[in-house]
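S.K.: First, the structure itself, so that you have it in front of you.
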Amino acid sequence: MAVAIITGASKGLGRALARELAGRGWDLVLDARTPAVLEESAEAARARGARVVALPGDVTDAAHRRELVAAARGLGGLDLLVSNASALGAEPLVRLDALPLDGLRAALETNVVAALGLVQEALPLLRARGAEAGVEAAGAEAGAGAVIAVSSDAAVEAYETWGGYGASKAALDQLAAVLAVEEPGLRVWTVDPGDMATDLYTAAVPDDDDPRPSPEAVVPGFLSLIERRPPSGRYAAADLTEAGPREPDPDRKEPGRGEPGRGEPGRGEPGLTASGLTASGLTASGLLPSGHEEAGR
């Protein structure tokens with residue numbers, strides 16, 4: 001059985017992804033800060049046949065991160081680490097001139113520092129999966145351990161009031177890009193999930209009542225990524241269709257994808273695809289560096 005750790009798994013994208021992976025035969029280690037809601041997610045996954053360890057806690061706590069990795073070891077190892085837990089820095093979001101510095105520090109601690117800390121703790125198990133599968137360092141073919149960092153198009157677009165959160169996600173993107181270079185035996189993917197109807201987005205912009213896709217509608221893109229295992233890089237979930245990542249089209253314009261003047265994130269850069277490593281610090285997909293209990297709005 002494959003084993004995944006998913007942080008921020010009590011609701012939204014984390015819960016939806018856990019449920020779908022459970023239905024595909026994965027065993028799971030789930031994290032969130034609220035025990036009762038996390039247990040609901042765990043029960044939903046167990047109902048689909050998975051072994052599930054639910055560990056309430058805060059990913060900024062080093063001891064909790066060690067517990068998550070120890071639980072994966074107890075299930076037989078670790079194939080996939082999904083860093084989905086996230087913090088906004090202010091609720092609702094505010095302009096930079098009003099952003100509490102302690103809030104910015106909290107966002108960076110959760111979205112960047114804790115994510116790296118969990119990767120550091122998990123690397124021995126992730127590397128072991130590749131070794132067990134006989135993966136060559138330059139190949140990272142099927143069987144290698146994988147990391148998914150859930151990002152946001154706020155990492156690459158300048159949206160009013162999203163500066164602190166976007167800065168933390170930009171830092172996460174860069175960490176993932178460098179990790180992919182330093183750990184060529186792994187798959188390291190950064191994913192912009194696009195617009196979602198989540199508690200995170202409601203907390204960020206409580207007055208915005210526009211309809212948005214459910215997290216369940218976004219999960220197929222993540223499943224396609226996990227099953228197809230394209231090269232390490234940055235992807236948009238909307239482009240990870242059953243046909244696989246599509247070729248970029250610089251002239252394509254789509255509503256809701258970072259349109260000027262909206263004042264809110266859309267769905268990130270259109271047409272992201274994996275097309276080779278550049279020497280200028282871009283991710284292995286050749287792309288420009290492109291959130292509470294869950295990331296990605």
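Each row is one residue, and each column tells you yes or no for (1) of a type in the set (D, E, K, R); (2) closer than 25 Å to ALA155 by Cβ; (3) open to solvent by 30 Å² or more (accessible area, probe 1.4 Å).
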{"site": "ALA4", "(1), (2), (3)": "no, yes, no"}
{"site": "GLY12", "(1), (2), (3)": "no, yes, no"}
{"site": "SER41", "(1), (2), (3)": "no, no, no"}
{"site": "ALA47", "(1), (2), (3)": "no, no, yes"}
{"site": "THR60", "(1), (2), (3)": "no, yes, yes"}
{"site": "VAL69", "(1), (2), (3)": "no, no, no"}
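S.K.: Kindly establish whether ARG15 is within 21 Å of PRO220 (Cβ to Cβ), in a loop (DSSP other than H, G, I, E, B) and among the basic types (Lys, Arg).
M.R.: On the way: within 21 Å of PRO220 (Cβ to Cβ): yes; in a loop (DSSP other than H, G, I, E, B): no; among the basic types (Lys, Arg): yes.
Here the answer is no, as ARG15 does not meet what is asked.
S.K.: Name the residue, out of GLY8, GLY74, GLY89, GLY49, that is of a type outside the set (A, V, I, L, M), part of a loop (DSSP other than H, G, I, E, B) and over 30 Å from PRO206 (Cβ atoms).
M.R.: GLY49
S.K.: So which helices (runs of 4 or more DSSP H) stay within the range 157-242 end to end and still have 1 or more residues that are polar (S, T, N, Q), crowded, with 24+ Cβ neighbours inside 10 Å and within 14 Å of the chain's Cα centre (by Cα)?
M.R.: 163-182
S.K.: Would you check if there is a residue in the range 173-185 being within 21 Å of ARG15 (Cβ to Cβ) and at pLDDT 95 or above?
M.R.: No, every residue in the range 173-185 fails to be within 21 Å of ARG15 (Cβ to Cβ) and at pLDDT 95 or above.
S.K.: Still on this structure: Which residue is farthest from ASP192 (Cα to Cα), if the candidates are limited to the range 157-167 and must be touching a Gly at 6+ places or on another chain (Cβ under 7 Å) and not charged (D, E, K, R)?
M.R.: Among those residues, the one meeting the criterion is GLY164.
S.K.: So SER232 ticks every box in (1) at pLDDT below 95; (2) touching a helix residue (DSSP H, G or I) at 6+ places or on another chain (Cβ under 8 Å) but one. Which box is left unticked?
M.R.: The failed condition is (1).
S.K.: Would the range 132-140 turn up any residue that is part of a helix (DSSP H, G or I) and at pLDDT below 95?
M.R.: Yes: the range 132-140 contains one or more residues that are part of a helix (DSSP H, G or I) and at pLDDT below 95.
The values are calculated or read from the model by the stated rules, or taken from the named source; none is laboratory data. Since we're looking at a predicted model, the values are computed, not measured. Positions of Cβ are backbone-derived with ideal geometry, glycine not excepted, and every protein chain shown enters the neighbour counts. We work out accessible area using only protein heavy atoms, side chains counted, and drop any ligands, DNA or RNA first. Shrake-Rupley method; radii C 1.70, N 1.55, O 1.52, S 1.80 Å.
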